[in-house]
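Following: one structure in structure tokens, then a few remarks.
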Amino acid sequence: MNIALVVLNWNGRDLLEKFLPTLVKNSLEANIYLVDNASMDTSVPYVEKFFPEITIIHHEKNEGFANGYNLALSQIDADVYALINSDVEVTPNWLQPIIHFYDTNENASIVQPKILDFKYRSYFEYAGAAGGFLDKYGYAYCRGRIFENIEADTDQYKSAPIFWASGACLFIKAKDYKELGGLDGDFFAHYEEIDLCWRAQNQNKSVNYIAESRVYHVGGGTLKKQSPFKTYLNFRNSLFTLVKNLPKEKLFPIIFTRLVLDGVAGMRFLFFGQFSHLFSILKAHVSFYKNLSIMYQKRNQKQRKDYYQTKSIVWNSFIKNQNTFKS
């Protein structure tokens, strides 16, 4: 099996210095590519000098996460693509369980390893943890992470099917990536992996979590969690994802409810004086309305009916205080 490990970079010289050595050392079974989104630092000269075995793909401008990968993967010949953030530390033998899963499961499509916190190493990491799910209204959460509540890893979550895999470290068969049309470039960054996984399942492709493969993720390497731009992208792109993938009969009631819930979130930002995040939600809704017809035209011919695992993660977490996946 020919695996391409593809690292997207934008002004990440410090992260490359920190994490490329372990990636190269622990990934002898794969070919490694660096995709540079028009960095203005010395990322590329550093890799050229110290890692000549890594193939570098240059973009003339910052294409974002989605188009950055789409343009690069169209140039890479492999059986499986692995999209890996530049702030991920891989561990010895991390690839073997994933290779074994693909070798023994003919229909395997998208796969995610266990994602732990680089700093607090016994805890799951926010962006992916032990695999992602959605509630009825499109709010994302994970096994091991409900909103800001993050669990310690005690091997409580075994390998299993999941609804979405984290873009921090996502494996996908190349033929499936191409058949699905890749990531949605209109998203720029954030939520595009959830959209990809949902579209994959609308076409009966599988998404799985492999507990035996472990990586550590810093998180917020490019956009910090408190970034208003990240707030804008998350609110807008989650709405885009709903329009593209919801069953037709649920489309209007779910999106209407989501818009109301977004308004509640905006009031919360207002209450705490976080005005930049409030304006990010307003900006996200304006962009959503402007692009609504475009997103609607991207809908699949069929939609998975059972897309959610719980009705309202907001209600469960904030009202019922149920802040672990098992609860």
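The values are calculated or read from the model by the stated rules, or taken from the named source; none is laboratory data. Source: prediction; values computed, not measured. When we count neighbours, we look across all protein chains shown, and the Cβ atoms used for this are built from the backbone with ideal geometry, even at glycine.
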Query raised in the report: Got a sec? Which of Ala211, Ala200 is outside any loop (DSSP other than H, G, I, E, B), of a type in the set (A, V, I, L, M) and within 22 Å of Asp79 (Cβ to Cβ)?
Result: Ala200
Query raised in the report: If we keep just the residues of the stretch 268-302 that are part of a helix (DSSP H, G or I) and touching an Asp or Glu at 6+ places or on another chain (Cβ under 9 Å), which is nearest to Leu196 (Cα to Cα)?
Result: Met295
Requested in this report: Name the one entry in Ile99, Ile146 that is more than 12 Å from the chain's Cα centre (by Cα) and within 30 Å of Lys305 (Cβ to Cβ).
Outcome: Ile146
Report task. Identify all residues within the stretch 266-312 that are touching a strand residue (DSSP E or B) at 6+ places or on another chain (Cβ under 8 Å) and among the small types (Gly, Ala, Ser); write none if there are none. Result -> Ser312
Report task. Kindly indicate the residue of the stretch 275-293 that is within 22 Å of Glu249 (Cα to Cα) and hydrophobic (A, V, I, L, M, F, W, C) and also surrounded by the most Cβ atoms within 10 Å (Cβ to Cβ) among those meeting that condition. Result -> Phe288
**Report entry** Single match in Lys178, Lys205 (criterion: free of Cβ contacts under 8 Å to residues at least 24 places away in the same chain and among the basic types (Lys, Arg))
**Finding:** Lys178
Report task. For Phe271, indicate whether it is hydrophobic (A, V, I, L, M, F, W, C) and under 29 Å from Phe325 (Cα atoms). Result -> yes
**Report entry** Count of the stretch 4-18 residues which are among the hydrophobic types (A, V, I, L, M, F, W, C) and over 19 Å from the mean Cα position of the chain (by Cα)
**Finding:** 1
Report summary line: In the stretch 97-106, anything surrounded by 13 or more Cβ atoms within 10 Å (Cβ to Cβ) and either in contact with an Asp or Glu (Cβ under 7 Å, 6 or more places away or on another chain) or within 13 Å of Pro161 (Cα to Cα) (or both) is listed as Pro97, Ile99, Phe101
**Report entry** the stretch 233-267, residues that are surrounded by 14 or more Cβ atoms within 10 Å (Cβ to Cβ), assigned to a helix (DSSP H, G or I) and not hydrophobic (A, V, I, L, M, F, W, C)
**Finding:** Asn234, Arg236, Asn237, Ser238, Thr241, Lys244, Asn245, Lys250, Thr257, Arg258, Asp262, Gly266
Requested in this report: Give Ser122, Ser109, Ser86 a once-over and let me know the one that is buried (at least 18 other Cβ atoms within 10 Å of the Cβ) and under 27 Å from Ala152 (Cβ atoms).
Outcome: Ser86
Query raised in the report: Of the residues that make up the stretch 179-201, is at least one more than 17 Å from the chain's Cα centre (by Cα) and of a type outside the set (Asp, Glu)?
Result: no
Query - Flag if Ser276 is of a type in the set (Gly, Ala, Ser) and in the same structural domain as Arg258 (by TED's automatic domain parsing) - result: yes
Query raised in the report: Which one is surrounded by the most Cβ atoms within 10 Å (Cβ to Cβ), of the residues in the stretch 294-323 that are farther than 22 Å from Ala200 by Cα and polar (S, T, N, Q)?
Result: Ser317
